[in-house]
Amino acid sequence: MGSDSRDSQVDQETLCLLQRYITQQMELGYKEVYFSSPFPPPKPEDSSRCRLEEFYERIKDCQRCPLAKSRKNLVFGEGNPQAEIIFVGEAPGGDEDRLGRPFVGRAGQLLTKMLGAIDLTREDIYIANILKCRPPGNRDPLPSEVALCRPYLDQQIEIIDPLVICALGRIAAQTLLDTRRSLGELRGFLHPFRSRRLLVTYHPAALLRNPHLKRPAWEDLKLLCTQLERG
Ligand code: URA
């Protein structure tokens, strides 16, 4: 009741202002009056953030594959909704499953450091995985799981609309590029990927196991930087 009377009071005030405005315009000799929406158009960032949030709400209870039964959390992805780069890993591990966030374990900490080396933070980029749910014992994703989950990643890429995608490791690279070629064959250059570019590099977990891979990974990151608008 109280809010109804407040609403009608606002309406009265608005009508009064409108009347006064129209009278003034007529006095000034105008024959037509133009109105624009009182709400500014949404900024592109707000719009991709909203679209990602809506998309998360739609899929957060996904039951498409048996991983839904064993997961603690679906790991949607996180970062800048308008990122120029999306990093794509394989699938959540134990830490990610527990926290519902991508790359938060040891490999994730190394990824954060690698980003720092090229002057980026996790807030600048977007991070997601091929699979949204953890395979038991961190086994490789099954082709059936990839086929069911892949459209989710495709939708995220469509919303964020990045310039470049960085595939972390063999599984992400082979899945995104739809190939059986080895990681060694796929890294070191940019692949066309729909209307974008895709770069393949080592998974940070591989760098933790084999520090000799850090130098070529650094070369990959430098190549990645050349693709960003900031240069
Ligand atoms: N490894 C991945 O591929 N993704 C994660 O989110 C964590 C570890």
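So which residues in segment 95-116 are within 17 Å of Ala128 (Cβ to Cβ) and either of a type outside the set (A, V, I, L, M) or near the ligand (Cβ under 7 Å from one of its atoms) (or both), if there are any at all?
Asp95, Glu96, Asp97, Gly100, Arg101, Pro102, Phe103, Gly105, Ala107, Gly108, Thr112
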Looking at Tyr152, Tyr126, can you tell me which residue is in the same structural domain as Asp220 (by TED's automatic domain parsing), hydroxyl-bearing (Ser, Thr, Tyr) and touching a Gly at 6+ places or on another chain (Cβ under 8 Å)? Tyr126
Let me spell it out: the conditions are (1) among the β-branched types (Val, Ile, Thr); (2) crowded, with 17+ Cβ neighbours inside 10 Å; (3) in a loop (DSSP other than H, G, I, E, B), and Val88 meets all of them except one. Which number is the exception? (3)
For segment 37-51, does any single residue satisfy the condition of being among the hydrophobic types (A, V, I, L, M, F, W, C) and modelled with pLDDT under 95? yes
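Of Glu158, Glu145, which residue is within 16 Å of the ligand (Cβ to nearest atom) and of a type in the set (Asp, Glu)? Give the steps one after another, and end with the answer.
On the way: Glu158 fails: within 16 Å of the ligand (Cβ to nearest atom).
Just one listed residue meets the conditions, Glu145.
The values are calculated or read from the model by the stated rules, or taken from the named source; none is laboratory data. In this text, all values refer to a predicted model and were calculated from it rather than measured experimentally. For neighbour counting, all protein chains shown are included, and Cβ atoms are generated from backbone atoms with ideal geometry for every residue, glycine included.
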